[in-house]
1. Residues in segment 188-215, backbone N under 13 Å from the label point at His271 (7 Å along the Cα-to-beta-carbon vector): list them, ranges by number please.
2. When the Kirkwood hydrodynamic radius is evaluated over all pairs of different C-alpha atoms of segment 169-268, what value in angstrom, to one decimal, is obtained?
3. For segment 173-228, what D do you get in µm² per second when you plug the Kirkwood radius from alpha-carbon pairs into Stokes-Einstein at 25 °C and 0.890 mPa s?
4. Using only C-alpha atoms and all pairs of different ones, pull out the Kirkwood radius for the chain in Å with one decimal.
5. Can you list the aspartates and glutamates whose alpha carbon sits under 19 Å from that of Lys60, skipping same-chain ones fewer than 8 residues off?
6. Report the Rg/Rh value for segment 223-269, based on alpha-carbon coordinates and the Kirkwood definition of Rh.
7. Roughly what angle does helix 204-219 make with the longest principal axis of the chain, taking Cα atoms, 0 to 90 degrees, to the nearest 10?
8. To the nearest 0.05, how large is the calculated FRET efficiency for Ser241 and Thr147 if R₀ is 25 Å and r is the Cβ-Cβ distance?
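Every read-out reported here was derived from the displayed coordinates using simple, explicitly stated rules and does not represent laboratory data. Because the structure is a prediction, the values reported are computed rather than measured. Here the Cβ is made from the backbone with ideal geometry for all residues, glycine too, and neighbour counts use every protein chain on show.
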Amino acid sequence: MNEKSPLQLLREKADKQCESYFKKLETERDEIKRAKLEFQILKKRLQIVLTEIKNLSDSKWDEYVNELFEPIVEQSKQISDKVDTLMLKTSTSAKDYEKYQKLKNISKKANQELFEVFDSISLSKKQLERFLIFIYRQMIVTDVLWTQNNLEFYEFTEAVNMSQRRFGFDHNWLVCLSLIQLHENLIKKKIVDLGGDIKEDESIRSLISKLTRLIKENEKREVSFALLLSNGVKTARDTMSHEGFKHSISKKDLGNVWHEILELEVTLYPHNNT
């Protein structure tokens, strides 16, 4: 039989000592009482964790930390790969992507050196206490900023909830609607920039035809109709304009539309796309 890890043993002990709270939480329906119970559980588990990790040997401590953060480490690698792919796809030049990679390496090196600083300093009990207080207060600051961020995006979050509730779609569906409007307004703004006029209820095809003519006349360059209304955007417009509530939008679909809109911006403003 395999020996249980320090993390497993600690979680089992915490669960056992919080068992009475969990039982109360299962049957409690009052939100205020539930919130109080949840805080009591959090406080009790924190006391248990701090007491238990104090008695771990160095090897058991390393084992505990590695197992505790292993899922996050794996997830961070996956996220990093996705960011790399996204930056490669959206960079306007090889130079831009090279700059991103250099900044990423600087950040990685800085994080490693910060860990080395902690490893090289033997902190006294008082220093550790101060450091823990500092970390805890940083967590409070992070929580406040998270709440502020939620307030900033409150309407969008509620709109996503409504989309999920009424259509069964996630945020990708809602963002796609916004991107379609962004695409159309980029075209309209360029027409106005070049001295053109926009008719009420003018179709997107009419707007693009007008824009290609204005660019040729004013900027002495050719821009194809197909480039201004690319496949991803066209498909999204056709899908969302006619009973869009019947059609879900995947992350891949959204990525294609966004990439094409980025290319549109560069096409419309080749010397001013920052």
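1. In segment 188-215, the label zone of His271 (backbone N under 13 Å from the point 7 Å along Cα→Cβ) covers no residue.
2. Numbers: mean 1/r = 0.0711 Å⁻¹.
Computed over segment 169-268, the radius equals 14.1 Å.
3. It comes out at roughly 208 µm²/s.
4. One over the average 1/r among Cα pairs gives 24.7 Å for the chain.
5. Glu3, Glu12, Glu52, Glu70, Asp119
6. Here the Rg-to-Rh quotient is 1.02.
7. The angle comes out near 70 degrees.
8. Numbers: r = 37 Å, r/R0 = 1.48.
FRET efficiency, Ser241 to Thr147: 0.10.
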